[in-house]
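Data block below; observations after.
The values are calculated or read from the model by the stated rules, or taken from the named source; none is laboratory data. No experiment lies behind these values; they were computed from the predicted model shown. Every residue, glycine among them, receives a Cβ derived from its backbone with ideal geometry; neighbour counts consider all protein chains shown. Heads up: the accessible areas ignore ligands, DNA and RNA and are worked out on the full protein's heavy atoms, side chains in. Shrake-Rupley method; radii C 1.70, N 1.55, O 1.52, S 1.80 Å.
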Amino acid sequence: KHTGSLRPRELEAVYAISRAVAEAESTEAALDEIVQLVRPVFIFDNMVLYSCCQPDGGLEPTYARAIGRGRFREADLAWGEVTAQQVFASHQIVTQIEQVDNPDQDRTNSRHSLGMPLVMSGQVLGALVFIRFGGPVYLPEQIHLAEFISQHIAQLLTRKNLTARIGDLEARRRLDTLQEDFIATISHELLTPLGFIKGYT
């Protein structure tokens, strides 16, 4: 994506996010930092990350933060699920408005969702959903900024997955070494008495 259309503050936030991803010690800490960096330039009440980590290839909420509108953390993971599923199925950006109860009595009953596919090397890793209670609608330039944010988070998830795979390979290598050592030890222990028996015979 071309950064030329971003305003200076947005550009600064994108560079800061890039640095946070590069220096991240843990995925959750990096996501917490991204939320703090993005919030001043891109207003949202909730950010929910859905990752493709179920055996059937389905989505699972793996991170959520509530920042505004007085909503409770316990409900965060339920928000944006429909949008995330649509994003994952279509591989496209999805915007939608969900009306809860009566929006005329309380405008925060109107949820404005923006879902972004998390794509790396042509593979969709999950979906990132931003939610605003009571609006306003997401403008094209805000969606453009959200694309940059989702690209960086996709990089973060890719690194996490690679680290996990490397850990699995290292664990398997250690197990193979232990098995080889065990077989060598048992073989030696069996050969020693056999040598005595042969000599005696």
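Data overview
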read-out	value
Some residue of the range 110-132 being over 23 Å from the mean Cα position of the chain (by Cα), assigned to a strand (DSSP E or B) and modelled with pLDDT of 85 or more	no
Selected residue (criterion: most open to solvent (accessible area, probe 1.4 Å)) from residues of the range 11-44 that are of a type in the set (Asp, Glu) and modelled with pLDDT under 90	25
Single residue of the range 92-107 satisfying the filter (assigned to a loop (DSSP other than H, G, I, E, B) and surrounded by 12 or more Cβ atoms within 10 Å (Cβ to Cβ)) that is modelled with the highest pLDDT	93
Candidate set: the range 53-81, residues that are at pLDDT 85 or above and open to solvent by less than 70 Å² (accessible area, probe 1.4 Å); chosen: the one farthest from residue 130 (Cα to Cα)	59
